[in-house]
Amino acid sequence: MEILQCLLPNPSLLNLKSYEIDLESHQLTLTVSSTQTRTQCPLCGDWTQRVHSRYQRTLADLPCLHFSLILLVQVCKFFCLNSACCRRIFTERIPEVAVPWARKTVRQVQRLQMIGLALGGAAGSRLGNHLGYSSCGSTLLNHLQKLPLPEFKTPKILGVDDFAFRKGHQYGTILVNLETHQPIALLADRKADTLADWLREHPGVEILSRDRSKTYKSAMDKAAPEAIQVADRFHLVKNLSDTLEIAFGNYRAELKAIAQTKNSVLIEDSSETVVVTPQPTAIATAQEQTQINHQYRLEQQRQIKTLRQQRWSMEAIAKELGVSISTVRRYLAQPDFPEIPTRRSTFGRSLIDPYKQEIVAWWNSGIMESKVLMSLLQKKGYQGSQRTLQRYLSLLREAQGLPSAPVRVSKSLPKVVDTQSPPLTPGRAAYLIVLKEENREPEEIELLEHLVLQHPDLAILVDLAHEFLQLLRQRQVEVFDEWLMKALACPIPPLKKLAAGLMNDYAAVKASLMTEVSNGPVEGLNNRLKMLKRQMYGRAGLELLTKRFVMSP
Ligand SMILES: [Zn+2]
């Protein structure tokens, strides 16, 4: 008995009278009574001791080992003695144990709220059931709704960034205290007025860290003119990387030449050999189509699951969405599709890659029939299709200057060589430059050395990019003006455009070179936000999302 008394929500307010254990249904029932002899009228606040009657409340409490715990609490009804009060009889309040009318104890509701914050409605309810809290998803969300957002002090340093409710459609704004790295709030959109309103309601921010968006800049200019704005260095590096990619796009021939120079270095006797030009395995349009198809399927599954949660029948869902019942059944049975289509682990590599050296050897020895090569390859364990093989063979033909269709040739052909190095695309070149020096592979360093030799403009571009990265990374504010002048006068249009943009945002960019403030924590939190959105099928309202984001344990 003594130990059971200790388990009660408030052992001084409740007194254990008896207990009952049901071994079959794993239920422990404790009958307790309130020890309060006097209480206050909830309306007028007057104290009273006059008992009207007694009644019993049934409360679900925290599960106890593998027993669910039910409290049968005997409480009183009291008379209000204040003749001026319009309440005559009222029920005894035990706020530390349970709020009026509740069927659960306060501490059980708190536990459910913690589960809901961490996992959301559906997953939270599943875990809850395993742990002995039987509560459906929507009840869990109701409990979350009652949870007030924590109070916060307006931070001195505020990080601002945007995030996608639905990529490409709807965006919001995320606010983070950069001193404590705590998220503070989510705003419903990324409009200047919304941020300006928030800043006016919360005066006292001294430093504002943001990306280079004009909208946020104008909001901050309007609503917090005395605060220092800092352009985030992460976004500055990204601006540079995007600029480089565009700039390299105008020098594709030079990039291709580098790959070939590199290959020819590897081939000793270049007069009698030809080199296979590598081709990207997945072309952009195909990838885009995959993405579109996936988004369509994702949306369809969301709709089906939403309607099902609203208790629509499978037939009705099928009719509403114009799909077959078997599709509805299949989509319901499947786990939620990921936001991004899954790729095979060998994405970007062809099944034929491991066999290329052997194919080239056979090819050079005169075996050029695709059917023969296919049967040879299959013996070696090749799992790919004939089509994939033929695509590769047509590259070999192209390298040797043969027509694309197979023909009999009598003259002797140059030997082909496939060095299998990935093509140097503008994106890869930009990436190599932004990469910190200590993180580059020896081969990549060599590539960059070749790059600057291809064209005088490329040398200027790479030099200016490195200088910019260095002044960002080492906060060399004193050389920033000089760099800007050089970039503005350089012969590369995309870089000039970047420099002009930096000029327009001069104060914020310069400030980023003088402070340690960084939006890095905001980027990390943005990723957590993405995870929360996916857990709730992207359907969570702003309020619920904010709570889970700001208060998640
Ligand atoms: Zn009263």
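The values are calculated or read from the model by the stated rules, or taken from the named source; none is laboratory data. Predicted, not measured: the structure shown is a model, and the values here were computed from it. Cβ coordinates were reconstructed from backbone atoms using ideal geometry, including for glycine residues, and neighbour counts include every protein chain displayed. Side chains included, ligands, DNA and RNA excluded: accessible areas come from the protein's heavy atoms. Shrake-Rupley method; radii C 1.70, N 1.55, O 1.52, S 1.80 Å.
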*Accessible surface of Met1 - all protein chains present, 1.4 Å probe, nearest 10 Å²*: 110 Å²
*Rounded, prolate or oblate: which fits the stretch 8-145 when a ≥ b ≥ c are the square roots of the eigenvalues of the alpha-carbon gyration tensor, with rounded for a/c under 1.5 and prolate only if a/b beats b/c?*
oblate
*Measure nothing but the geometry: give the 0 to 90° angle between the long axis through the Cα atoms of 233-249 and the longest principal axis through the Cα atoms of the chain, rounded to 10°.*
30 degrees
*Please calculate the 1.4 Å probe accessible area of Asp197, with all protein chains present, and give it to the nearest 10 Å².*
80 Å²
_Not counting ligands, DNA or RNA, and with a 1.4 Å probe, what is Lys380's accessible surface area in Å² rounded to the nearest 10?_
110 Å²
*List the pair-distance distribution P(r) of the stretch 14-61, using every Cα-Cα distance, as the percent of pairs falling in each 10 Å bin from 0 up to the bin containing the longest distance, rounded to whole percents.*
19, 39, 26, 12, 3
*the chain: angle of helix 442-454 to the longest principal axis, Cα-based, in degrees nearest 10*: 60 degrees
*J(HN,Hα) series, the stretch 330-335, from Karplus relation 6.51 cos²θ - 1.76 cosθ + 1.60, nearest Hz, glycine and proline x*: 5, 5, 5, 6, 7, x
_aspartates and glutamates whose Cα lies under 13 Å from that of Lys436, excluding same-chain neighbours fewer than 8 positions away_ = Glu444, Glu467
_Long-range HN-HN contacts of Asp161 with modeled amide H, under 5 Å_ = Ile174
*Any idea what the relative contact order of the chain is, in percent, if you count C-alpha pairs under 8 Å spaced at least 6 apart?*
14 percent
*asked:* Could you tell me which residue out of Pro155, Ile89, Ile184 lies farthest along the dipole of the stretch 83-217 toward its positive end? Charges go on the beta carbon: Lys and Arg +1, Asp and Glu -1, centred on the Cα centre.
replied: Ile89
_Convex hull volume per residue for the chain, taking Cα atoms only, in Å³_ = 264 Å³
*For the stretch 479-543, run through the GluC sites (Glu not before Pro) and keep only the ones in DSSP coil with at most 10 other Cβ atoms within 10 Å of their Cβ.*
Glu516
*Proximal charge balance of Lys153 [Cβ under 14 Å; K/R count +1, D/E count -1]*: -3
*Tally Lys and Arg at +1 and Asp and Glu at -1 over the other residues with C-beta under 10 Å from the C-beta of Phe234: what net charge comes out?*
-2
_Amide hydrogen neighbours beyond the local backbone of Gln229, cut-off 5 Å, H modeled_ = Leu208
*How would His52, His235, His66 line up by accessible area, probe 1.4 Å, largest first?*
His66, His52, His235
*Say the dipole of the chain comes from +1 at the beta carbon of Lys and Arg and -1 at that of Asp and Glu; which of Ile367, Ala231, Ile174 then lies farthest toward its positive end?*
Ile174
*Sort the stretch 159-208 into rounded, prolate or oblate with this rule: let a ≥ b ≥ c be the square roots of the eigenvalues of the Cα gyration tensor; rounded if a/c is under 1.5, and if a/c is not under 1.5, prolate when a/b is larger than b/c, oblate otherwise.*
oblate
*Return, in residue-number order, each cysteine of the chain whose C-beta is not under 4.7 Å from any other cysteine's C-beta.*
Cys6, Cys64, Cys76, Cys86, Cys136, Cys490
*Treat every Asp and Glu Cβ in the chain as -1 and every Lys and Arg Cβ as +1, leave all other atoms uncharged, and give the resulting dipole magnitude about the Cα centre to the nearest 20 debye.*
2660 debye
_Overall form of the stretch 133-194 per C-alpha gyration tensor (a/c, 1.5; a/b vs b/c)_ = oblate
*Per-residue HN-Hα couplings for the stretch 22-38, Karplus 6.51 cos²θ - 1.76 cosθ + 1.60 at θ = phi - 60°, whole Hz, x for Gly and Pro?*
9, 5, 6, 9, 6, 10, 10, 10, 10, 9, 10, 10, 6, 9, 5, 9, 10
*Add -39500 (n - 2.57) for each DSSP H run of 4 or more in the chain, then divide by its residues: what number comes out at 222 nm, to the nearest 500 deg cm²/dmol?*
-15000 deg cm²/dmol
*In terms of solvent-accessible area of protein heavy atoms at a 1.4 angstrom probe, what is the ranking of Ser385, Ser135, highest value first?*
Ser385, Ser135
*Could you size up the charge dipole of the stretch 1-116 around its Cα centre, putting +1 on the beta carbon of Lys and Arg and -1 on that of Asp and Glu, and report it in debye to the nearest 20?*
560 debye
*asked:* To test your reading of the geometry: what angle, between 0 and 90 degrees and rounded to tens, separates the Cα axis of helix 214-223 from the longest principal axis of the chain?
replied: 40 degrees
